[in-house]
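Participant: The following block contains the structure, expressed as structure tokens.
The values are calculated or read from the model by the stated rules, or taken from the named source; none is laboratory data. From a predicted model like this one, the values you see are computed outputs, not experimental measurements. Cβ: placed from backbone, ideal geometry, glycine included. Neighbour counts: every protein chain shown. Only protein heavy atoms, including side chains, enter the accessible area calculation; ligands, DNA and RNA are left aside. Shrake-Rupley method; radii C 1.70, N 1.55, O 1.52, S 1.80 Å.
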Amino acid sequence: MRRAGVRADVEERAALAVRELERTGAFDRKVLCVITTTGTGWVDEKSVAPLEYMYNGDTAMVGLQYSYLPSWLSFLVDEQRAHEAGRDLFNQVYGAWSRLPSSHRPKLVVFGESLGAFGAESAFSGVDDIRNRVDGMVLVGPPNSSALWQQIVDERDAGSPEVLPIYEQGATVRFAGDPASDLDHPANAWNNPRVVYLQHASDPIVWWSLRLIVSRPEWLAEPRGRDVSPKVRWIPFVTFWQVTADMAFSTGVPAGHGHNYGPSAVPAWADVVPPQGWTPDRTAELTPIIASGGG
């Protein structure tokens, strides 16, 4: 009964969010971004503000809180709520958006970071479903338990590493540790809509798994990622506890490492949904503005 009540509550709040979007004219903007937050409703401003700059504020963003637990604890015990929040919010927004005339719809994009990335991808059955229903997606620091992320990584093109996979020759989904350079690879055509996963080789949120206790992961069997010491090796039980401890400190590191993604969403959004006339020079100008907090 409790789970049914929780689900109904999420659905009601998602419906309320859609009514608020309608009341405020959000469906008349150029871009509508559906955000799955961390449990307490937190959203990293550096990851979503680039859209507002790029579209001169002609954007709308919507998300909802689904937990009162701090982020690290939500990561361990609130995955089901994140799944429900991401799915229910997107489906209700999509329902309202899809009823609009196709010539009067905003670009519909999806964002999630950390547990929010897990929740955001939960709204989709696979990459084909993403292609059919959104204009772009940016997911940052996805937990290792993210089902769609895991499927894509497992089915990556032969020879590509787990820390920076290539999937279907980069046709829709691309991975980046440093999006300013990584998103240009492979050289094959990158179709629309586009999906970006931002993940650092040194981000313990991405690589933490119970499997670390007894199995060596591929990211420690292949050459180490750019910011991981080549001396790091897998030791049964020990590596699991090392990565577990790293999670507690994963945001207290310089941007571009660990779970601190800084302004890296700027080049990601610029590749996923660039406004007409947007150039690499404008991306370069915007990045330090976002890094400094804007303004």
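Participant: Given (1) outside any loop (DSSP other than H, G, I, E, B); (2) at pLDDT 95 or above; (3) among the small types (Gly, Ala, Ser), identify the lone condition not met by residue 180.
Facilitator: (2)
Participant: Given the condition assigned to a helix (DSSP H, G or I), open to solvent by less than 20 Å² (accessible area, probe 1.4 Å) and at pLDDT 95 or above, answer yes or no: does some residue in segment 65-79 qualify?
Facilitator: Within segment 65-79, not a single residue is assigned to a helix (DSSP H, G or I), open to solvent by less than 20 Å² (accessible area, probe 1.4 Å) and at pLDDT 95 or above.
Participant: Being over 21 Å from residue 143 (Cβ atoms) and in a helix (DSSP H, G or I) narrows it down to one residue among 266, 206; which is it? Give the steps one after another, and end with the answer.
Facilitator: On the way: 206 fails: over 21 Å from residue 143 (Cβ atoms).
Unique residue meeting the criteria: 266.
Participant: Among the candidates 171, 176, which residue alone is of a type in the set (Gly, Ala, Ser) and in contact (Cβ under 8 Å) with a residue 40 or more places away in the chain? Step through it out loud before you land on a result.
Facilitator: Working: 171 fails: in contact (Cβ under 8 Å) with a residue 40 or more places away in the chain.
Residue meeting the stated conditions: 176.
Participant: Something else about it: Please go through segment 269-290 and give me each residue that is of a type in the set (Gly, Ala, Ser) and either in a helix (DSSP H, G or I) or surrounded by 23 or more Cβ atoms within 10 Å (Cβ to Cβ) (or both), ordered by number.
Facilitator: Filtering segment 269-290 for residues of a type in the set (Gly, Ala, Ser) gives 270, 277, 284.
The answer is 270, 284.
Participant: If I ask for residues that are under 24 Å from residue 270 (Cβ atoms), assigned to a loop (DSSP other than H, G, I, E, B) and free of Cβ contacts under 8 Å to residues at least 40 places away in the same chain, which ones from segment 157-166 would you list?
Facilitator: From segment 157-166, those under 24 Å from residue 270 (Cβ atoms) are 160, 163-166; that's our starting set.
This time we only want the ones that are assigned to a loop (DSSP other than H, G, I, E, B), so: 160, 163-165.
Selection gives 160, 165.
Participant: Collect the residues in segment 164-216 that are of a type in the set (Val, Ile, Thr), under 13 Å from the mean Cα position of the chain (by Cα) and open to solvent by 40 Å² or more (accessible area, probe 1.4 Å), keeping them in residue-number order. Quick ask: steps written out before the conclusion?
Facilitator: So the first thing to find is which residues in segment 164-216 are of a type in the set (Val, Ile, Thr), and the list is 166, 172-173, 195-196, 205-206, 213-214.
Narrowing further to those that are under 13 Å from the mean Cα position of the chain (by Cα): 173, 195-196, 205-206.
Listed by number, the list is empty, since nothing qualifies.
Participant: Among the residues of segment 193-202, is any out of contact with any Ser or Thr (no Cβ under 8 Å at 6 or more places or on another chain), of a type in the set (Val, Ile, Thr) and free of Cβ contacts under 8 Å to residues at least 60 places away in the same chain? Spell out the reasoning first.
Facilitator: Start the filter on segment 193-202 by keeping residues that are out of contact with any Ser or Thr (no Cβ under 8 Å at 6 or more places or on another chain), which leaves 196-197, 199-202.
In the following step, the residues that additionally are of a type in the set (Val, Ile, Thr) were identified as 196.
Among the residues that remain, those that are also free of Cβ contacts under 8 Å to residues at least 60 places away in the same chain are: none.
Within segment 193-202, none of the residues are out of contact with any Ser or Thr (no Cβ under 8 Å at 6 or more places or on another chain), of a type in the set (Val, Ile, Thr) and free of Cβ contacts under 8 Å to residues at least 60 places away in the same chain.
Participant: Another question about this same structure. Here's a check for you: in segment 241-268, which residue that is out of contact with any helix residue (DSSP H, G or I) (no Cβ under 8 Å at 6 or more places or on another chain) and exposed (fewer than 12 other Cβ atoms within 10 Å of the Cβ) is modelled with the highest pLDDT?
Facilitator: Among them, the one singled out is 254.
Participant: Being of a type in the set (Asp, Glu) and open to solvent by 10 Å² or more (accessible area, probe 1.4 Å) is the filter here; which residues of segment 116-139 pass it?
Facilitator: Within segment 116-139, the subset of a type in the set (Asp, Glu) is 121, 128-129, 135.
Across segment 116-139, the qualifying residues are 128, 129, 135.
Participant: Sort out which residues of segment 1-44 are modelled with pLDDT of 95 or more and charged (D, E, K, R), and write them in order of number.
Facilitator: Within segment 1-44, 19, 20, 22, 23, 28, 29, 30 qualify.
Participant: For segment 96-115, how many residues are open to solvent by 20 Å² or more (accessible area, probe 1.4 Å) and either assigned to a helix (DSSP H, G or I) or in contact with a His (Cβ under 8 Å, 6 or more places away or on another chain) (or both)? Even if it seems obvious, please write down each step before you answer.
Facilitator: Initially, segment 96-115 is screened for residues open to solvent by 20 Å² or more (accessible area, probe 1.4 Å), giving 97-105, 107.
When the remaining residues are screened for being either assigned to a helix (DSSP H, G or I) or in contact with a His (Cβ under 8 Å, 6 or more places away or on another chain) (or both), the result is 97-98, 102-104.
Count: 5.
Participant: Could you please find all residues in segment 141-161 being in contact with a Ser or Thr (Cβ under 9 Å, 6 or more places away or on another chain) and farther than 21 Å from residue 210 by Cα?
Facilitator: Matches in segment 141-161: none.
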